[in-house]
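Notes for the one structure printed next.
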Amino acid sequence: MKKVAALPALALILALGACSEEEAAEPEAAAEGGEPIVIEGSNGEVTLEEPAEKVVVLEWTYAENLLALGVQPAGMAEIDAYGDYVNIEPQVADTVVDVGGRSEPNLEAIAELDPDLIIGVDFRHETMLEQLEQIAPTVLFNPYPEEEENVNLYDEMVTTFNEMAEAVGKEEKAEEVLAALDAKYEEAAAEIEAAELETEDFILTLAYTGPQAPEIRVFTPNSMASMILEKIGLNNVHEPEQYEVFGSSTFGVEGLVQYEDANYLYTVPDEDNIYQNQLADNPVWNNLAFVKEDRLFNLGPDTWLYGGPLSAMTLVDQVVDTMVAE
């Protein structure tokens, strides 16, 4: 790959530049009297001498977090596909540079931006951490902690959002955003209660075409998306047989029979709509109680179930708009 082949020359340039930067950094920090900023990621502590202004993000959630803080990334991965899944305001500016794929970012393109900070996700970028650190300080976050870490996926989202806010000097803005999110939960919970739904039980799903048949991700109670819906008064009835680190269990349509008395909330891509295609004439699907009783709630293809505070607000709005009759 071109981006990897360019690394030896890139490393030499960066090494030469680093010498002069190191000579100037310490006196400058001392002159300003500012305390270093320490960001805690899955790769340990990352220290910045001052808030980062030029940030490259290699995962959509972290781009969303910057936008929530009023910061446009200098570069981000897979900009074109981002808008198909992430439905928030503000949008990514035209000036933001695409730095390649989320799994295989273009290191050369990142280096050309001369960022102050790179933010990635450990399950994609841990293997290239050393290369990224040659370009700029790099912090990796882990959105999927193991069970023994005793951190649920919602709390991880909030912690990461606050760490990013500290990295860019936007702690007060983060407090405002999280306060607005809490207010959104309270308002939505009141609307859900007043609606007097037939049942407040639900399963939340994301469906797609599998190798052999349609596959349906059913979100577990420990998932971030499920915890958001619990905050507005709904009750997730899915009980996984084991701890699901990614926050969902995968079923075929037959596995949904056990949940047919609950409300069925779903998101599905327009280009791979299994409900209109493979399941339209499926007798198991059509005989499920939530299908026959019209307790299907389509949250739309661009309701991102893996995002930050702004995606959480979108999810809440979509659920209320879909489930609560006008």
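All of the numbers you see were taken from the coordinates with simple rules; none came from a lab. Remember, it's a predicted structure, so these values are computed and weren't measured experimentally. Heads up, the Cβs are rebuilt from the backbone with ideal geometry, glycines too, and the neighbour counts pull from every protein chain shown.
Based on other C-beta atoms within 10 Å, arrange THR127, THR250, THR61 from fewest to most.
Details: THR127 9, THR250 14, THR61 22.
Fewest to most other Cβ atoms nearby, the residues stand as THR127, THR250, THR61.
Express the relative contact order of the chain as a whole percentage, based on alpha carbon pairs under 8 Å and six or more residues apart in sequence. Before the final figure, lay out each step's value.
Details: 540 pairs, mean separation 58.0, N = 326.
Relative contact order here is 18 percent.
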Ranked ASP94, ASP317, criterion: other C-beta atoms within 10 Å, fewest first: ASP94, ASP317
Considering only LEU197, LEU315, LEU132, give the residue with the highest GNM mean-square fluctuation for the chain, with springs between Cα atoms whenever their separation is below 10 Å. LEU197
Most exposed first by the Cβ proxy, i.e. fewest other Cβ within 10 Å, how do ASP294, ASP155 rank? ASP294, ASP155
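Taking 8 Å as the Cα distance limit and 6 or more residues as the minimum spacing, I'd like the relative contact order of segment 131-271 as a percentage.
Working: 164 pairs, mean separation 37.1, N = 141.
So the answer I get is 26 percent.
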Gaussian network model of the chain, springs between alpha carbon atoms under 10 Å - residue of ALA179, ALA280, ALA195 with greatest fluctuation: ALA280
Can you compute the helix-only [θ] at 222 nm over the chain? Use -39500 (n - 2.57) per DSSP H run of at least 4 residues, normalise by all residues, nearest 500 deg cm²/dmol. -12500 deg cm²/dmol
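Grab the alpha carbons of the chain, take their convex hull, and tell me the volume per residue in Å³.
Numbers: hull volume 47.6 nm³, N = 326.
Spelled out: Cα convex hull of the chain, divided by residues, is 146 Å³.
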For the chain, the helices passing both cut-offs (Cα extent along own axis of 20 Å or more, Kyte-Doolittle mean at least 0.5, full DSSP H runs) are 7-32, 309-323
Which GluC sites (Glu not before Pro) does segment 98-187 hold that lie in a coil by DSSP with at most 12 other beta carbons within 10 Å? GLU146
Could you work out, for segment 90-190, what percent of all Cα-Cα pairs fall into each 10 Å distance bin, beginning at 0 Å and stopping at the bin that holds the largest distance? 13, 33, 36, 15, 3, 0
With Cβ to Cβ distances under 13 Å as the rule, what net charge do the other residues near LEU315 carry (K, R +1; D, E -1)? -3
For segment 196-323, what is the relative contact order in percent, using Cα pairs closer than 8 Å and at least 6 residues apart in sequence? 26 percent
Gained length - LYS173 relative to ASP272, 0.36 nm times residue gap less alpha-carbon distance: 31.9 nm
